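Enquirer: Input: one structure, supplied below.
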Amino acid sequence: MPVTLRDVAQAAGVSRSAVSRCFTPGASISDKTRAKVEQAASDLGYSPNALASSLTTGRTKLVGVVSNNFHNPIFLEFFDRVTRELQGRGLRPLLVNLSDETDPTQSIRMLQQYSVDAVIVASSTLPVSFATSYVEAGMRVVHSFGRLTDSPKLHVLGIDNVEAGRVAARELLRRGYRRVGFLAGPLSATSTRDRHTGFAEELGRHRDVSLSVSYAQAYSFDAGRAEMTRLLSMGPAEAYFCGDDVLSIGALSAIRDAGLSVPDDVGILGLNNMEMAGWELINLTTIHNPVDEIVRGSVDLVDRMLSGAETAPQSIAFDCKVVERGTLRPAP
């Protein structure tokens with residue numbers, strides 16, 4: 001039989017309410033009583049019942065982690081890091097998969113049914129209306145990888161995707177490329193539009209540079225491979241900035257299957273620097289997206305909100321930089 005709060009109270013020689021206070025953050029209890037309760041709990045192997053505790057405190061310590069990108073390895077890395085970070089702070093993640101969802105109503109209902117204390121939306125492709133709908137439903141919300149604005153309605157963290165596009169353009173120009181392409185993700189994604197804006201603006205300052213733009217159906221390997229296969233049949237550019245590492249890897253597959261060499265025939269620059277990008281057979285030159293910093297910043301904001309330290313909504317931008325590997329030719 002599991003050890004109960006009553007068993008601990010009897011072993012410690014105190015009341016059940018004293019045991020309850022011992023395991024309730026902020027509750028009043030003497031050091032002497034706390035020591036007796038903790039010793040008895042340790043001897044018996046007792047752990048407080050989280051569900052019972054939530055009835056007393058009104059807090060479930062559940063944090064919804066909401067995304068529609070479960071197929072993308074960079075978000076799997078995010079989920080690994082954010083769940084460990086939450087658990088390390090005594091919070092419990094509740095993953096919500098929004099793949100193919102177009103209306104936030106169902107996910108709002110689910111999050112409310114589980115009485116989550118906060119929500120982390122982890123997506124650059126979900127409509128902004130999803131995150132704002134959670135706020136309007138009375139939830140504490142942090143949007144990781146969201147679109148940065150000067151007047152945010154909720155906390156948003158991520159890279160400046162317009163600046164990421166500029167960084168990509170400057171890198172390709174530095175290496176002497178003059179016929180370049182942007183192999184983008186879905187046009188519906190704000191990240192796609194923002195990266196294109198920065199990329200085109202920077203290249204537009206150079207009259208000797210031509211730019212072609214194409215859109216993959218999804219941020220996925222198959223979509224990147226299919227779109228690059230189509231581009232190769234039309235005559236490829238010298239180099240492509242791909243809107244995502246997984247698109248880049250699909251493009252690399254198509255180029256190599258066509259008997260062409262990377263980077264001698266076609267150069268590829270990715271974005272995210274997911275773990276797979278550094279594998280020897282991929283060796284992708286890419287732009288680093290600081291997932292670890294975004295995770296810590298997101299959970300820090302959740303912690304602050306749950307502790308009552310409410311702050312005005314913020315847009316928090318993180319720097320991105322090129323990670324040199326082997327899919328672009330050396331600079332002249």
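Enquirer: Provide the per residue accessible area, probe 1.4 Å, for segment 5-48, rounded to a whole number of square angstrom.
Expert: Values: 2710 Å² over 44 residues.
Accessible area per residue, segment 5-48: 62 Å².
Enquirer: Which value in deg cm²/dmol, rounded to the nearest 500, describes the helix-derived mean residue ellipticity at 222 nm for the chain, given -39,500 (n - 2.57) per DSSP H run of n ≥ 4 and division by the residue count?
Expert: Values: 12 runs with 142 residues, N = 332.
Helices in the chain give a 222 nm mean residue ellipticity of -13000 deg cm²/dmol.
Enquirer: Let me ask another. What's the FRET efficiency of T190 with E310 using the Cβ-Cβ distance as r and R₀ = 22 Å, to the nearest 0.05?
Expert: Numbers: r = 26 Å, r/R0 = 1.20.
Computed FRET efficiency for T190 and E310: 0.25.
Enquirer: Report, by chain and number, residues whose modeled amide H sits under 5 Å from the one on S315, excluding near sequence neighbours (fewer than 5 apart, same chain).
Expert: For S315, whose amide H was placed from the backbone, the distant partners under 5 Å are V156.
Enquirer: Another one. In terms of Cα to Cα distance under 30 Å, which lysines are near enough to K61, apart from those fewer than 8 places away along the same chain?
Expert: K32, K36, K153
Enquirer: Further, regarding this structure: May I ask which residue of F318, S220, M274 lies farthest towards the positive end of the charge dipole of segment 214-332, with charges of +1 (Lys, Arg) and -1 (Asp, Glu) on Cβ and the Cα centre as origin?
Expert: Result: S220, furthest along the dipole toward the positive end.
Enquirer: Just the number, please: carbon plus sulfur as a percent of the accessible area of segment 5-48, 1.4 Å probe, no ligands or DNA/RNA counted. Intermediate results must be reported in sequence, preceding the final value.
Expert: Details: 1220 of 2710 Å².
Its accessible area is 45 percent carbon and sulfur atoms.
Enquirer: Give me the one-decimal nm value for the distance between modelled label points at D80 and Q106, 7 Å along each residue's Cα-to-Cβ direction.
Expert: 2.9
Enquirer: Using the Karplus equation 6.51 cos²θ - 1.76 cosθ + 1.60 (θ = phi - 60°), what ³J(HN,Hα) coupling, rounded to whole Hz, does each residue of segment 237-242 give in order, writing x for Gly and Pro?
Expert: 6, 6, 7, 10, 8, 9
Enquirer: How much accessible area per residue does segment 161-289 have, counting only protein heavy atoms and a probe of 1.4 Å, in square angstrom? Write out the running numbers ahead of the final one.
Expert: Numbers: 5170 Å² over 129 residues.
I get 40 Å² per residue for this part.
Enquirer: Please list, in order along segment 256-269, the HN-Hα scalar couplings obtained from phi with the Karplus expression 6.51 cos²θ - 1.76 cosθ + 1.60 (θ = phi - 60°), rounded to whole Hz, x for Gly and Pro.
Expert: 5, 5, 7, x, 9, 10, 10, x, 4, 8, 9, x, 9, 10
Enquirer: Please identify the trypsin sites (Lys or Arg not before Pro) of segment 170-243 that satisfy two criteria: DSSP loop assignment and at most 11 other Cβ atoms within 10 Å. Which are they?
Expert: Numbers: sites: R170, R174, R175, R178, R179, R193, R195, R205, R207, R225, R230; in loops: R175, R178, R205, R207.
Passing sites in segment 170-243 are R205, R207.
Enquirer: How much FRET efficiency would the formula 1/(1 + (r/R0)^6) give for K32 and D300, where r is the Cβ-Cβ distance and R0 is 45 Å, rounded to 0.05?
Expert: Values: r = 35 Å, r/R0 = 0.78.
E(calc), rounded to 0.05, equals 0.80.
Enquirer: At most 14 other Cβ atoms within 10 Å and a DSSP loop assignment: could you name the trypsin sites (Lys or Arg not before Pro) in segment 129-164 that fit? Don't skip to the answer; put the middle values down first.
Expert: Details: sites: R140, R147, K153; in loops: R140, R147, K153.
Sparse-neighbourhood loop trypsin sites (Lys or Arg not before Pro): K153.
Enquirer: Provide the packing ranking of 284-297, 243-256, i.e. peptides ordered by the mean count of other C-beta atoms within 10 Å per residue, highest first. Write out the running numbers ahead of the final one.
Expert: Working: 284-297: 20.6, 243-256: 25.6.
Sorting 284-297, 243-256 by mean packing, highest first, produces 243-256, 284-297.
Enquirer: Where in segment 127-150 is the amide nitrogen less than 20 Å from a point lying 7 Å along the Cα-to-Cβ axis of N97?
Expert: Counting backbone N atoms under 20 Å from the label point, the list is 127.
Enquirer: Still on this structure, please answer the following. Can you list the residues, at least 5 places off or on another chain, whose amide H is less than 5 Å from the amide H of N68, using H built in the peptide plane?
Expert: Here the answer is L98, since their amide H atoms fall under 5 Å of that of N68.
The values are calculated or read from the model by the stated rules, or taken from the named source; none is laboratory data. In this text, all values refer to a predicted model and were calculated from it rather than measured experimentally. Cβ atoms come from the backbone with ideal geometry, glycine included; neighbour counts cover every protein chain shown. Keep in mind that these areas ignore ligands, DNA and RNA; they rest on the heavy atoms of the full protein, side chains included. Shrake-Rupley method; radii C 1.70, N 1.55, O 1.52, S 1.80 Å.
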